[in-house]
Amino acid sequence: MNRHLLAALLLLAPALALANGYDVPSVTARDLATVSAGVAAQEGASATNANPAALSRTEGLNLSLNASGLWLNTNWKPPPGSTQFGTPPPAQQSTDFNLAPPVALFASYGGKLDALGGRGAGVGLGFGVPFGGNVFWPDDWAGRGRIITVERRVYGTYLTGGIEAIPGILRIGGGPIYYYVSQYLKQGVEPTPGAYGELAVKGGAWSYEVSAEITPLPEMPLTIGIDYKHKANVTQTGDGNFVVPAGLNTPATQDQGVSTVLTVPNLLNVGFSYRVAKPVLVMFGYTFCRYVEYKEDRFVGSAGADIQVPRFYGNGHDFRLAAEWDVNNRWTVRGGVLRDISGMDVNHWSPTLPDSDAWAFAGGAAYRVNPDLTVSASVYFAILDSVTPTNNRTATNPTGTFPGVFDTTALIGALGVTWHAPY
């Protein structure tokens, strides 16, 4: 096989399995404004996903309906002083604007049950997009042989419940999760302009979550929250299509069925909330994401392609701090800050995955139309640390990292409505 074509095919695999290179923040308007620090401060139906134990505090029917727009932008510049891309080198190139529309839709029902001695219990059903994103590089950008387009969606469907185990002190919850993954990618085949390969795969798998909400001292306004989501190994199948000149046409570049396995990683969220004054709630959260699962990615084609690519990801850690202030009986304002420690390895960084350590800042407000209906809006902005990949591609290392300087930002806006029908 032509060595340039082999290098291109080797790089298709990482893009297929990188739906979790970065996660999508919860786009529930309240959670987004507080950088998801409220694992110990959930209200209503949104607890279905964030902390099902809190469903045992709900009464009657609760709805939480949220829509958002997410824009991920990456800028690339050649390495300083490099002549690898010509003289003079090309100017900065950026990903195309393309808005992703994650949603968060939840419904719950709860109340006091005589069968439980008057203790609270609740159930919830919901849908969201916990992982995924877009990468849309121009068709003619300098790194087209690495990637042009990635569209990845990890949909989560949640059926959870919570009960009051020890009145006033301990609530527990959990339930099954169904993850459904849909991915599309397009990559140029160098050195031939106009030649490319594209893949589309999809599939699903089950997982589960367990959670707890603890009020250790009833007289103290302190709550501790814990939520754990188990990993899911999602097998996806689909089709590969290759548009290459006849001289590069080999069995591995024929249209063929493809398969891959994506691991939705284990997630552990721990946090506390403390009401420092009647109208002011402070929240802290920590998230552990087991990205170390990314030992390698594997792309298997029905025509004989079997390619393994190492990733060497480490675990991810998020530290979240937020506050919420009830200004009056109509308005609430919220804000938060987050520091994300990514598990990415700069030795294997790829423009398919605009990932890095990051700071994120968020804010929002809610307006209570009446005691049972609230409208909320929020905005979230993340600035990823600049990345200069190492282990760059050379004549003797054709599958090394793509050289350059990469700077990425993410902007999300969300609008949500919550409604409560009394028990």
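The values are calculated or read from the model by the stated rules, or taken from the named source; none is laboratory data. The model shown is predicted, which means the values in this text are computed figures rather than measured ones. Note that we place each Cβ from the backbone using ideal geometry, even for glycine, and neighbour counts take in every protein chain shown. Surface areas here come from the heavy atoms of the whole protein model, side chains and all, with no ligands, DNA or RNA. Shrake-Rupley method; radii C 1.70, N 1.55, O 1.52, S 1.80 Å.
For the chain, adding -39500 (n - 2.57) for each run of n ≥ 4 DSSP H residues and dividing by the number of residues yields -1500 deg cm²/dmol at 222 nm. Over the chain, accessible surface divided per residue gives 41 Å², non-protein components excluded, 1.4 Å probe.
What you get for the chain, charging only the Cβ of Lys and Arg (+1) and of Asp and Glu (-1), is a dipole of about 260 debye around the Cα centre.
Could you tell me whether segment 37-93 comes out rounded, prolate or oblate from its Cα gyration tensor? Rule is a ≥ b ≥ c as square roots of the eigenvalues, rounded for a/c under 1.5, then prolate if a/b exceeds b/c, otherwise oblate.
Values: a/c = 8.45, a/b = 4.14, b/c = 2.04.
Prolate, since a/c reaches 1.5 and a/b exceeds b/c.
A straight chain from ASN370 to ASN329 at 0.36 nm per residue would run longer than the Cα-Cα distance by 13.8 nm. If you sort PHE406, PHE97 by accessible surface, 1.4 Å probe, largest first, the order is PHE97, PHE406.
Taking trypsin sites (Lys or Arg not before Pro) as exposed when DSSP calls them loop and at most 13 other C-beta atoms lie within 10 angstrom, the chain has its longest site-free stretch at 1-294.
Once you keep just the Cα pairs under 8 angstrom separated by 6 or more residues, what percentage relative contact order results for the chain? List each step's numbers first, then the result.
Working: 1334 pairs, mean separation 83.0, N = 423.
Across the chain, relative contact order equals 20 percent.
When the charge dipole of segment 330-408 is built from unit charges on Cβ atoms (+1 for Lys and Arg, -1 for Asp and Glu) and taken about the Cα centre, the candidate among MET344, THR408, PRO371 whose Cα reaches farthest toward its positive end is PRO371. The C-alpha atoms of the chain define a longest principal axis, and helix 3-16 lies at about 10 degrees to it. Given a 1.4 Å probe and the protein chains as shown, TYR367 ends up with an accessible area of around 80 Å². Note on HIS420: accessible area is roughly 50 Å² with a 1.4 Å probe, heavy atoms of protein only. With a cut-off of 16 Å, note down the residues of segment 259-278 whose backbone N falls inside the zone around a label point 7 Å from the Cα of TYR208 toward its beta carbon. Once the point is set 7 Å along Cα→Cβ of TYR208, 266-267 turn out to lie under 16 Å by backbone N, inside segment 259-278. When both segment 107-156 and segment 165-239 are represented by their alpha-carbon centers, they are found 7 Å apart. In this rough spin-label picture, where each label sits 7 Å from Cα along the Cβ direction, the THR390-TYR178 distance is 4.5 nm.
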